[in-house]
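This report refers to the structure that appears directly beneath it.
The values are calculated or read from the model by the stated rules, or taken from the named source; none is laboratory data. Everything numeric in this text was worked out from a predicted model, so none of it was measured. Using ideal geometry, Cβ is built from the backbone for each residue, glycine included, and neighbour counts are taken over all protein chains shown. Quick note on the areas: whole protein, heavy atoms, side chains included, nothing else; ligands and nucleic acids left out. Shrake-Rupley method; radii C 1.70, N 1.55, O 1.52, S 1.80 Å.
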Amino acid sequence: MSWNSYGLDQIAQRLVLNARTRDPQSLNQSYKMRMAIAYGLERFWGEHLRLQGREQTKSDYWKETWDELVTVMMRSGIQLPNDSVKSENTQQIKAMSEKLWQIGADEQRVALAVLTQLCDCIVWWTQRYK
């Protein structure tokens, strides 16, 4: 097996520029994303729900980051769930959380490592464009 960057730096730059275009204040979420990784995939994924509706541009930034992670992981052969979920639908949240908790430990570690690198890139680009 060899190293593959999966274009994380380019993805991060695009995410930061999109967030900056929508609402420059949402760039502060970059640092929160990087810190949230320590709590696991389910909590990282769920953060967009907490912000949904009341701070939508921030929610969009989290969700776009999750969507990009799912795409990158798919290219690496790891399937992460990405159901469409609304913050007011408890059943949808429960179903998605269960899917995330059923991911094998090795796949979780790989996904968290990739997410860490992606968020490190996001923080770097945020520092350049803020």
In terms of the charge dipole of the chain, which places +1 on Lys and Arg and -1 on Asp and Glu at the beta carbon, the residue among C119, L80, Y129 farthest towards the positive end is Y129
Point-charge dipole on Cβ atoms (K/R +1, D/E -1) for segment 8-130, about Cα centre, debye to 20: 360 debye
Between the alpha carbon centres of segment 81-130 and segment 1-73 the gap in Å comes to 8 Å
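Using a probe of 1.4 angstrom, how much of the accessible area of segment 38-111 is carbon and sulfur, in percent?
Numbers: 1960 of 4130 Å².
Here it works out to 48 percent.
From the helices alone, meaning DSSP H stretches of at least four residues, give me the mean residue ellipticity at 222 nm for the chain, per-run term -39500 (n - 2.57), in deg cm²/dmol to the nearest 500.
Values: 6 runs with 92 residues, N = 130.
Taken over the chain, the calculation gives -23500 deg cm²/dmol.
Give, to the nearest whole percent, the P(r) tail of the chain beyond 17 angstrom, counting all Cα pairs.
On the way: 4650 of 8385 pairs.
The calculated P(r) of the chain puts 55 percent of pairs beyond 17 Å.
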Using a probe radius of 1.4 Å on heavy atoms only, what accessible surface per residue do you get for segment 17-130? Whole Å² is fine. 54 Å²
Among 96-107, 54-65, 18-29, the order from most to least packed when residues are scored by Cβ within 10 Å on average: 54-65, 18-29, 96-107
